[in-house]
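Enquirer: Would you mind keeping the following structure in view while I ask a few things?
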Amino acid sequence: MDDINRDIESLVRTEQYDSYIDATLAVCEKHDLEIFMVSKILSQPIKDRIRIEGESINLLPHTTKLPIYE
């Protein structure tokens, strides 16, 4: 399980893929896994990055964020 998270992080860090969505799809294809299976074992930081990418390209609805006052 950690191998999958590590593979995804490595692909993005080495700039082989420019998004976590693409890197996750590549890792799924490499290990012959279905997306719904991998989604259960992804680390929370990777899930958060995928959600943010999805929102930025309008694949997911934007989540409401509370304004932070400094």
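Enquirer: For the chain, take the alpha-carbon Rg, divide it by the Kirkwood Rh, and send me Rg/Rh. Don't skip to the answer; put the middle values down first.
Expert: Values: Rg = 13.4 Å, Rh = 13.0 Å.
When Rh is taken as the Kirkwood radius, the ratio is 1.04.
Enquirer: Given H placed 1.01 Å from N in the peptide plane, which residues other than close sequence neighbours of Leu60 have an amide H under 5 Å from its amide H?
Expert: HN-HN under 5 Å from Leu60: Glu55.
Enquirer: Once fully extended, how much extra length lies between Ser39 and Arg6, figured as 0.36 nm per residue of separation less the alpha-carbon to alpha-carbon distance?
Expert: On the way: separation 33, 0.36 × 33 = 11.88 nm, distance 1.43 nm.
Residue separation times 0.36 nm, minus the Cα-Cα distance, leaves 10.4 nm.
Enquirer: Output wanted: per-residue J couplings in Hz (rounded whole) for the range 3-17, from phi through Karplus 6.51 cos²θ - 1.76 cosθ + 1.60, θ = phi - 60°, x for Gly and Pro.
Expert: Result, rounded to whole Hz: 4, 5, 4, 5, 4, 4, 4, 5, 4, 6, 5, 8, 6, 6, 10.
Enquirer: Using the Cα centre of the chain as the reference point, and only Cβ charges (+1 on K/R, -1 on D/E), how large is the resulting charge dipole? Debye, rounded to the nearest 20. Don't skip to the end; give the middle numbers.
Expert: Values: 8 positive and 14 negative charges, 52 e Å.
Charge dipole of the chain: 240 debye, to the nearest 20.
Enquirer: Still on this structure, please answer the following. At 222 nm, what value in deg cm²/dmol follows for the chain if DSSP H runs of at least 4 each add -39500 (n - 2.57) and the sum is divided by all its residues, to the nearest 500? Don't skip to the end; give the middle numbers.
Expert: Numbers: 4 runs with 40 residues, N = 70.
So the helix-based figure for the chain works out to -17000 deg cm²/dmol.
Enquirer: Restricting to Cα pairs below 8 Å that are 6+ residues apart, what does the relative contact order work out to for the chain? Please round to a whole percent.
Expert: Values: 37 pairs, mean separation 18.8, N = 70.
After rounding, I find 27 percent.
The numbers here are math on the coordinates, done by the rules we state, and not lab data. None of these values were measured; they are calculated from a predicted model. Virtual Cβ from ideal backbone geometry, glycine too; neighbours counted across all protein chains shown.
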